[in-house]
Amino acid sequence: MERFDCLVLGAGIAGITAARKMVAAGFSVCLLDKGRGLGGRFATRRIDGQSFDHGAQFFTARGKLFSAEVQNWVEAGIARPWFGKPGHERFCGVGGMNRLAKELSVGLDVRRDQKVEWVGFADGVWSVRSNQGALEGNRLLLTNPAPQAIDLLETSEVDCCVDFLNTLSVIEYEKCISLMLLLGSELGLSESGIIQSEAAEPIATITETSVKGITDLPGIVIQSGPEFAEENFGASPDTVFKRLTDALPISGNLDVEGMSVQKWRFAKRKDHALECFFNEDESNFIWHSGDGYNAPRIEGAFLSGERVAESIISSLSVNCIPTTQEPGKR
Ligand SMILES: Cc1cc2nc3c(=O)[nH]c(=O)nc-3n(C[C@H](O)[C@H](O)[C@H](O)COP(=O)(O)OP(=O)(O)OC[C@H]3O[C@@H](n4cnc5c(N)ncnc54)[C@H](O)[C@@H]3O)c2cc1C
């Protein structure tokens, strides 16, 4: 069986950030993601060849570390300021959010379409089974939303320390429904291409994709508020379409040429009192990170990925020699 210094469950921004840092430190890392694409909630879907960001629409950079990272992305041409005053810009990926995730994961061993179904720890080594086989890791990093991490650990009957499980159980999420529409004509709702509703219900944001600059043809992404999502999570796409488009600030009919609906069970993390950047059970060599810690947004997930990587690197450095170390690298 293949064995890595660290197995990372999830190739969202937290998993990719952590993996980049561990690989740069010379360790062997494999990321497993159940999705067909990369990026998790950094998500883009195509309708008739047009790209729609249906997870995060934009990101902010408030702290020094993430601001410097975003500056690198901008210089590399994979992110750009979208709207907002200088110093308070909202950024987005060039060509779609998940293109940014793809660029960030160049050089990483990412295995897609691999849903991790079972994890087990024996004799100091983690085994991970997915729908496509099994792998081993000296360390295990979970970056899926905490409720999914709990389910996986319970199903696998893993014996983690109580503090680790208690911390996971504090992290909860709101739902969101994204409705993507390819249109025959522009709506012209806003100059920037985004309207953020103060009421947040039933619609939280409306993005005009051609104004945002990710589609050639007119399109919109309507993202619901959490109450709407809770009430309509089981509703059909047609019902979601009717209820959300009825609430649009337009008169007349929409000229719809294509439609897709994405229901997010774990969209935005609810507020909590945790102050840590990640969660660890170091004696069992398992960590959890992501937007469950720090800020409930992309910056928070990035910082969590950075910090958790430092912790895993220091644990690996005590216990083993990196398997991919290049001469002179460390
Ligand atoms: C609709 C929506 C709008 C948002 N808007 C914004 C915004 O405007 N600005 C902002 O900053 N943030 C926004 N966010 C939040 C932001 O997207 C997240 O905070 C961030 O992307 C979380 O990254 P992450 O790596 O922690 O988790 P994720 O991106 O969720 O990554 C976790 C990964 O784990 C994978 N996974 C889960 N279970 C398994 C399994 N069993 N096996 C294998 N893989 C698995 C998933 O496929 C996923 O790729 C939004 C989110 C949503 C959903």
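The values are calculated or read from the model by the stated rules, or taken from the named source; none is laboratory data. Not measured: the values here are computed from a predicted model. For neighbour counting, all protein chains shown are included, and Cβ atoms are generated from backbone atoms with ideal geometry for every residue, glycine included.
Observations
- Single residue of segment 192-235 satisfying the filter (farther than 20 Å from residue 268 by Cα and of a type in the set (Asp, Glu)) that is surrounded by the fewest Cβ atoms within 10 Å (Cβ to Cβ): 216
- Selected residue (only one of 33, 5 is near the ligand (Cβ under 6 Å from one of its atoms), touching a residue at least 60 places away in the same chain (Cβ under 8 Å) and not hydrophobic (A, V, I, L, M, F, W, C)): 33
- Flag if residue 62 is of a type outside the set (S, T, N, Q) and in a strand (DSSP E or B): no
- Of everything in segment 1-55 that is outside any strand (DSSP E or B) and β-branched (Val, Ile, Thr), the residue that is farthest from the chain's Cα centre (by Cα) is 23.
- Residue within segment 281-292 that is modelled with pLDDT of 95 or more, away from the ligand (no atom under 12 Å from the Cβ), of a type outside the set (S, T, N, Q) and in contact with a Ser or Thr (Cβ under 9 Å, 6 or more places away or on another chain) present: yes
- Of the residues making up segment 240-260, those that are out of contact with any His (no Cβ under 9 Å at 6 or more places or on another chain) and closer than 11 Å to residue 179 by Cα are 240, 241, 242, 243, 244, 245, 258, 259.
- Residue match in segment 65-73 (condition: part of a loop (DSSP other than H, G, I, E, B) and either within 10 Å of the ligand (Cβ to nearest atom) or aliphatic (A, V, I, L, M) (or both)): no
- Scanning segment 166-198 for residues that are part of a strand (DSSP E or B) and among the hydrophobic types (A, V, I, L, M, F, W, C) yields 176, 177, 179, 180, 181, 182, 183, 194, 195.
- Condition check for residue 150: among the β-branched types (Val, Ile, Thr), part of a strand (DSSP E or B) and either surrounded by fewer than 18 Cβ atoms within 10 Å (Cβ to Cβ) or within 14 Å of the ligand (Cβ to nearest atom) (or both): no
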